[in-house]
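No value in this document is a laboratory result; all are computed from the given coordinates. Here the structure is a predicted model, which is why all the values come from computation and not from measurement. So basically every Cβ, Gly included, is an ideal-geometry build from the backbone, and we count neighbours across all protein chains shown.
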Amino acid sequence: MGELYSFTVNGNVYETAQDKPLLRFLRDDLGLRSVKDGCSEGACGTCTIIVDGKAVRSCVLSTKRAAGKSIVTTEGLSEREKEAFVYAFGAMGSVQCGFCTPGMVMAGKALIDHNPNPAEDDIKQAIVGNICRCTGYKKIIEGIGLAAAILRGEAVIEKKLEDGRDFGVGERAFRIDVREKVLGYGEYVDDVVMEGMVHASAVRSKYPRARVLDIDVSEALSLPGVLGVLTAEDVPNNKVGHIQQDWDVMIAKGGVTRCVGDAICLVIAENEDILARAKKLVKIDYEELEPVRSVYEAKAPGAPLVHEKGNLCQSRHVTRGDAKKALAESKYVVTRSYSTPFTEHAFLEPECALAFPYKDGVKVYTSDQGVYDTRKEISIMLGWEPERIVVENKLVGGGFGGKEDVSAQHIAVLAALSVGRPVKVKFSRSESIAFHPKRHAMEGRFTLGCDENGIFTGLDCEIYFDTGAYASLCGPVLERACTHSVGPYCYQNTDIRGFGYYTNNPPAGAFRGFGVCQSEFALESTINLLAEKVGISPWEIRYRNAIEPGKVLPNGQIADRSTALKETLEAVREVYEKNAGHAGIACAMKNAGVGVGLPDKGRAKLAVHDGIVEIYAAASDIGQGCATVFVQMVAEATGLGRGEIRNRGSNSEVAPDSGTTSGSRQTLITGEAVRMAAAELSDAMREVGGDLSQLEGREFFAEYFEPTDPLGSKKPYPKSHVAYGFATHVVVLDKDRRVSEVYAAHDSGKVVNPIAIQGQIEGGVLMGLGYALTENFDLKDCVPQNKYGTLGLMRSNQIPDIEAIYVEKEELLDVAYGAKGIGEISTIPTAPAVAGAYYAVDHIFRTKLPLEDTPYSRKKK
């Protein structure tokens, strides 16, 4: 027998003869699920534990090196510590998707154990090795600070935040999932273990573009413990796709790969060790082909075809008025070209799915943004009636758009049906980076005109998106980039042409902002040059053109009474003018709901069971907090307390289709359906004197649908979207040319939960700062060059002071209590505001992201 490695975990002694990553021993052997596997590269911090009093990433510590040491995980905290962190993180809004949270808690505990009264900078440094993609860190820093104060006895736990009846709309509501996320027992897909469960993983293309000459799986199949190897021949319909079914499930022998994320075959094995060995035994012969690297190469005459139909994936032409004439007659005209990069979502939870035979079909636990969309794609692949497929979200560790497409779900289903057992498919971080769609890279040329007073007259622009190997959501994202390239202003002459091209780069699709980050960077930067020509400030030119209630947006929609762009400008005027020589400003609008004539419906069902009101709505909560918002809306309508309301999550078998978590739509669209159903429940409660037991078994269903008009509508004033949110951001640089302050003023209608919206804004701003300054998705001949740790994600010690400002008008929409959504718009204005700040300081007009020649710029090799 070999050497035994012995160590203490949460007060108990364990030993093992296996020398393997401590992360794997803690999760797989001891079942300590709070220790999350975010990258297995030592870069993200989700697996942080305490070893001999110090915070350590367990994925880079082996069982051999842990011998003799004392280890603590979240499960090993004292009850007092658990309650302190649960309350503090709930009260401060420190939790969103929750995947980073146990690691943050352990980093915080390690600090507090050594320094019971830490300063803000101490906390920032303590969590510098832990990435959060949701919150912007500020709320986590505040949460650790409050936990320390509670443990010192200088603050108290006020139970009413978690257990009280004050849970209505507008209340500082304690998120319903805080406890399970802070303590790490909430289930993400990778935390689920089923009897008889086996594992599967795809062998992916070595080249972005190559012909697959042969696939030899014989050695892999002969390895004991391998249950099967599937190829394209085993797929009933070898295509999936969120909107266009152009994405091969696997590349067939004789076929041509389109990106390095392409699956060639799928290996199924009894355990992960055998699986890893078997994948290496698969032999694939390729004929390497020249890849299509960019939009310019894709549109060149004679370019290789990424898809048979041609390299143009989607195009849009959005016009109103006569832009050519308006620009010709303008006093001032500015034309500039802009370039923005691919960017990686970098959500903390890599893709994972667990599928198993169920009833007369299959069930799959997922981490995605729409269970009904996933069901649809799987049904197309199998050729089945959708009802035979049940899709259920477990907790979702972030998405930001990157989990709208199927990834692990459909191949887990294939494997489960092949072997008749539960099959888990989880992506490595490198697999995730290569596979899931990114934010589109853009090349764009914008021409904007104005009169002598700075009033905009017309816009002409041409936008080119690199959609990579597959369409994903190219069409809708391109459309939103075009429709929002006009900005939140009041002028009527536009000519916008958008084109999305296939290349052999990783696919591009939905990403927070949904195309608007790219086009608004260009437009808002151009506006600054026009202001200079007119001789007025960047704030003034925006204020003169800002849309107001009753005025007409460039798409022809009449702005509704809730519109408060001018109010957001007024909210930041003083701070902008005080810092005018080293500050930038930008505005944005973002639709809430899919709109443009599509049947965008919210649905909800409330059921009374054992004295509890259960909410059923298949709306994925990816960290934005819609599950809590729905509970708040039911509480508001009925007067019930939080303890009498349960959200049952997103499950296609029992919850009505509430649409994808995308387009900042769930709070407004599904929220209104929840409100409508809750109003019916409230009426029924009044009839029985408020006694829920008298309504046992009753169900209350509601569907909300407000029609919109399609692009190109002939109506004089078409309604493109149910609602728009508006924002103005101001970015201030310090004397060292670093971002020191960001003021983010938002009109999101009624603020349903002030705790939640603040963290959403702060997280969106930080993501926008990364887009502007540090993040780039490096490709070499279409092959990703980044690991998680080299993506340029901002860390806790880099954050500026972010001040979230809410603008709530008295005049609100009459749906969803007046809420309009915050998820996407919080990111959009930040990058152009940063660019404006640097222009104010050095008068260098930067047109490419990430911005060059700043203190954040990567050193050139």
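Tabulated data for the structure shown
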| item | result |
| --- | --- |
| 42 Å tail of the calculated P(r), the chain, as % of Cα pairs | 31 |
| For the stretch 48-103, Kirkwood radius (reciprocal of mean inverse C-alpha pair distance, Å) | 12.7 |
| The chain, relative contact order [Cα under 8 Å, separation at least 6], % | 14 |
| Cβ-Cβ FRET estimate between Asp814 and Glu548, R0 fixed at 25 Å, reported to 0.05 | 0.80 |
| Label-point gap, in nm, between Lys324 and Glu680 - each point 7 angstrom along Cα→Cβ | 5.4 |
| FRET efficiency, 1/(1 + (r/R0)^6) with R0 35 Å, evaluated for Ile612 and Phe705 via beta carbons | 0.80 |
| Farthest toward positive dipole pole in the stretch 602-704 [+1 Lys/Arg, -1 Asp/Glu at C-beta], among Ala607, Ser620, Ser652 | Ser620 |
| Cut-off 9 Å between beta-carbons: net charge of the residues surrounding Ala831, Lys and Arg +1, Asp and Glu -1 | -2 |
| Unit charges on C-beta of K, R, D, E only; dipole of the stretch 602-704, Debye | 300 |
| Extension gain, Asp778 back to Glu180 (0.36 nm per residue minus Cα-Cα distance, nm) | 211.6 nm |
| Amide proton proximity set for Ile805, modelled H, under 5 Å, gap of 5+ | Ala744, Ala745, His746 |
| Options Gly90, Asn12, Leu23, ranked by Cα towards positive dipole end of the stretch 5-186, top entry (Cβ charges) | Leu23 |
| Ratio of Rg to Rh over the stretch 750-861 (Cα coordinates, Kirkwood Rh, two decimals) | 1.06 |
| Links that overshoot a 19 Å alpha carbon limit, given the list Lys181/Lys605; Lys54/Lys109; Lys36/Lys426 | Lys181/Lys605 |
| Once the Cα gyration tensor of the stretch 798-861 is diagonalised, semi-axes √(5λ) in Å | 35, 13, 11 |
| Protection-proxy order for peptides 289-301, 830-842, 620-632, each taking the mean of Cβ atoms within 10 Å per residue, highest first | 620-632, 830-842, 289-301 |
| Directionally averaged projected area (convex hull, Cα atoms, the stretch 602-704), nm² | 5.7 |
| Ratio of the Cα radius of gyration of the stretch 407-450 to 2.2 N^0.38 Å, where N counts its residues | 2.12 |
| Neighbourhood charge, 11 Å Cβ-Cβ cut-off, centred on Gln798 and excluding it, Lys, Arg +1 and Asp, Glu -1 | +3 |
| Under 26 Å from Lys299, Cα to Cα: lysines that are on another chain or at least 8 residues apart | Lys206, Lys239, Lys309, Lys324, Lys438, Lys780, Lys848 |
| Calculated log₁₀ intensity ratio I(q)/I(0) where the Debye formula runs over C-alpha points of the stretch 130-249, q = 0.11, 0.13, 0.18, 0.21 Å⁻¹ | -0.76, -0.86, -1.18, -1.41 |
| Average projected area [Cα convex hull, the stretch 5-186], square nanometres | 10.0 |
| Proximal aspartates and glutamates relative to Lys859, as straight alpha-carbon distance under 15 Å, when same-chain residues fewer than 8 apart are discounted | Glu775, Asp778 |
| Phi to ³J(HN,Hα) by Karplus 6.51 cos²θ - 1.76 cosθ + 1.60 over the stretch 175-187, Hz, x for Gly, Pro | 3, 5, 10, 4, 4, 5, 7, 5, 8, x, 8, x, 8 |
| Size of electric dipole in the chain: Cβ of Lys, Arg +1 and of Asp, Glu -1, about Cα centre, debye, nearest 20 | 1600 |
| Fully extended contour minus Cα-Cα distance, from Glu219 to Glu387, at 0.36 nm per residue | 56.7 nm |
| Top positive-direction residue, dipole computed over the chain with Cβ charges, set Phe356, Gln785, Asn591 | Gln785 |
| Cα→Cβ-extended label distance, 7 Å offset, between Lys239 and Asp29, nm | 4.9 |
| Dipole magnitude (debye, nearest 20) for the stretch 383-537, charges at Cβ of Lys, Arg, Asp, Glu | 980 |
| Peptides 411-422, 776-787 ordered by average Cβ neighbours within 10 Å, highest first | 411-422, 776-787 |
| Proximal lysines to Lys578, defined as alpha-carbon separation beneath 21 angstrom and excluding residues fewer than eight positions away on the same chain | Lys566, Lys735 |
| Radius of gyration and maximum dimension Dmax of the stretch 9-69, Cα, Å | 10.6, 28 |
| Estimated FRET transfer efficiency when R0 is 51 angstrom, pair Met194-Phe845 (beta carbons, to 0.05) | 0.35 |
